[in-house]
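A.B. asks: Below is one structure. I have some questions about it.
All of the numbers you see were taken from the coordinates with simple rules; none came from a lab. This one's a predicted model, so the numbers in the text were calculated from it and none came from an experiment. Note that each Cβ is placed from the backbone with ideal geometry, even for glycine, and that neighbours are counted across all protein chains shown.
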């Protein structure tokens, strides 16, 4: 259980991987939701967390930092233990089979083109309790090129999955924090506050 020193009024403490990328925008959004936030740079920063955001940025640089700081195995262990996670853009890539191997997906980098091909789209995100269309900002975005049978597709563009879920981990190819869209972060906070269901 999170102490009052770590989370407001005993609520869930959410970490944001802060090695590189737009982690500050995620932290601001989470704080707006009334959640205590910790920036994660070393394994010790993972202690006591109830959820974690892996932000956008440069996936190669992020993975170098993860390996340098010895975060890879602790992140895998937390995912296996059921910690809710949200990966956005490069965070989706970092979670895939070829990187941390947390999600049973293969993400294609820059799938929609380089930065000049950035765009916005209104998406219906299935199964997250987010009513109505969600404004999604795509910047050098990936898509899911291949996925395993336990991966649920939540949204696609032109037949390419751009939002997926496996167990308590959600990965999206876009930047909800840039579109001032809080619903994915709200779901992460709700999942982090809920006890993990035990298998029957």
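A.B. asks: Using per-residue counts of other Cβ atoms within 10 Å, averaged over each peptide, order 72-85, 146-159, 55-68 from highest down.
C.D. replies: Taking the mean over residues of other Cβ atoms within 10 Å, the ranking is 55-68, 72-85, 146-159.
A.B. asks: Would you compute, from DSSP H runs of 4+ residues alone, the mean residue ellipticity of the chain at 222 nm, taking -39500 (n - 2.57) per run and dividing by the full residue count, rounded to the nearest 500?
C.D. replies: It comes out at -6500 deg cm²/dmol, rounded to the nearest 500.
A.B. asks: Determine the shape class of region 20-114: with a ≥ b ≥ c the square roots of the Cα gyration tensor eigenvalues, call it rounded for a/c under 1.5, and otherwise prolate if a/b is greater than b/c, oblate otherwise.
C.D. replies: It comes out oblate by the Cα gyration axes.
A.B. asks: Please compute the contact order of the chain in relative form: average sequence separation of alpha-carbon pairs under 8 Å and at least six residues apart, divided by the residue count, as a percent.
C.D. replies: Result for the chain is 20 percent.
A.B. asks: A follow-up question, please. Figure the gain on full extension for residue 60 and residue 145 (residue separation times 0.36 nm, minus the Cα-Cα span) and round it to one decimal in nm.
C.D. replies: Extending this stretch completely gives an extra 28.8 nm.
A.B. asks: How much of the DSSP beta bridge set in region 8-193 is antiparallel, as a percent to the nearest 5?
C.D. replies: Just about 55 percent of them are antiparallel.
A.B. asks: Using the alpha-carbon atoms, what tilt in degrees (0 to 90, nearest 10) does helix 23-32 show relative to the longest principal axis of the chain?
C.D. replies: Compared with the principal axis, the helix lies near 60 degrees.
A.B. asks: For labels at residue 126 and residue 77 in the simple 7 Å Cα→Cβ model, what's the distance in nm?
C.D. replies: 3.6
A.B. asks: Moving on. Extending each Cα 7 Å along its Cβ direction at residue 67 and residue 97, get the distance between those two points in nm, one decimal.
C.D. replies: Those two pseudo-labels are separated by 2.0 nm.
A.B. asks: Sticking with this one: Under a crude label model (7 Å from the Cα following the beta-carbon direction), how far is residue 24 from residue 135 in nanometres?
C.D. replies: Roughly 2.2 nm, to one decimal.
A.B. asks: Counting other C-beta atoms within 10 Å, which of 138, 174 has the fewest, and how do the rest follow?
C.D. replies: 138, 174
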